[in-house]
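The values are calculated or read from the model by the stated rules, or taken from the named source; none is laboratory data. Predicted model only: the values in this text are computed from it and were never measured. Here the Cβ positions follow ideal geometry from the backbone for every residue, glycine too, while neighbour counts run over all protein chains shown.
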Amino acid sequence: MIIDNVSVVITTIGRSDIVCRAVNSVLSQTFRDIEVIVVIDGPDSATMQVLEQIKDPRLIILALPENVGVAEARNSGVRASKYGWIAFLDDDDEWLPEKLEKQAKAAAQLDKAFPIISCSYQLLNSRINQIRPLKFPNPSEQVSEYLFAKTSFFGGVAHLAPSALVMRKELLEAVPFRRHLWRNEDWDFLLRVAQLEEVSFEVVPECLVIIHIAEKREHLSNKDDVDFDLQWIRDNQNLFTPRAYAGYVAKNLSSEASRQKGWKLFVPLFKEMCRFGPPTFVEFSIFLYPWFLPRIVRRWVKIIIKKVRGIIGK
């Protein structure tokens, strides 16, 4: 599988202070045959102004007349692209210079029709400096289990970061992001393409992306919404194995519900976790943890877990 050229899609809105860092990290790639499509998701004159100062013919600015959300903004970038391979980069992240070159070399060794090629990344802010993920998917592993099945309290951190992914445009045309999703759009896409026999997930085990973890900035997609997430997993339960379904409810929905809804969702969510079979001890414990431990204790547990994960990740 040969990667000759790549269209890089960056979606942004209201980020004129940081988007140029992402753009410049792409334009500085050692892999030179690229175009950079920055999709401005709605009216944003400040972002347009700073981008127009970058004088590189490979930069294309696509300003949408109205806000459509990150899923459809990515689809718009894909439709506007001219090359056969697509890479995504979030506007607050950046690439190391050899990112695309090393992924292209990895692709040359693959024989599946639609490989999705990822890499390791660095989580970074003033308090965090960690390499992720701690484990990579293996060929025999269901993607839903890789992402959501819980086998440990400390290790097993699994993730396929959008800013790390490279894939064929043809795949994104066949399975676009679902535009109505304002959160979970990345997981939704990965779970759906994983159903295709021609798709494989490959990882370059080198840190080639820096993901900047916001300390104060709040993103719409990061806001907890247990009702939305519960409806999403119910609508898409066919994309999950029983273990992955229980793991998602235990980790994602339980922690959200304990903050938003109090005890009224405890029993319904417990039943939801057991819907397709009994959870493991780890999943059962993760589910109970936010409900029964006082908030101050949970804070200390999180600090300990982060420290242990940092040691494991070194």
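Only a single criterion out of (1) in a loop (DSSP other than H, G, I, E, B); (2) out of contact with any strand residue (DSSP E or B) (no Cβ under 7 Å at 6 or more places or on another chain); (3) of a type outside the set (F, W, Y) is not satisfied by E173, namely (1).
Within the set A106, A80, A46, A63, the sole residue that is small (G, A, S) and either in contact with a His (Cβ under 7 Å, 6 or more places away or on another chain) or within 19 Å of E173 (Cα to Cα) (or both) turns out to be A80. When V26, V50 are checked against the criterion of being β-branched (V, I, T), crowded, with 23+ Cβ neighbours inside 10 Å and in contact (Cβ under 8 Å) with a residue 12 or more places away in the chain, V26 stands alone in meeting it. The residue that is surrounded by the most Cβ atoms within 10 Å (Cβ to Cβ), among those in the range 91-110 that are touching a strand residue (DSSP E or B) at 6+ places or on another chain (Cβ under 9 Å), farther than 11 Å from I210 by Cβ and among the acidic types (D, E), is D91.
Of the residues making up the range 1-41, those that are part of a loop (DSSP other than H, G, I, E, B) and farther than 19 Å from S81 by Cα are M1, I13, G14, R15, S16, D17, I18, S28, T30.
Can you tell me which residues in the range 71-100 are assigned to a helix (DSSP H, G or I) and not basic (K, R)?
Result: A71, E72, A73, N75, S76, G77, V78, A80, L100.
Within the range 137-178, the set of residues being modelled with pLDDT under 95 and among the basic types (K, R) comprises K150 only.
One line per residue, one yes/no per condition, for (1) over 21 Å from I3 (Cβ atoms); (2) not aromatic (F, W, Y):
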| site | (1), (2) |
| --- | --- |
| W85 | no, no |
| D91 | yes, yes |
| W95 | no, no |
| E98 | no, yes |
| Q103 | no, yes |
| D111 | no, yes |
| F114 | no, no |
| C119 | no, yes |
| S126 | yes, yes |
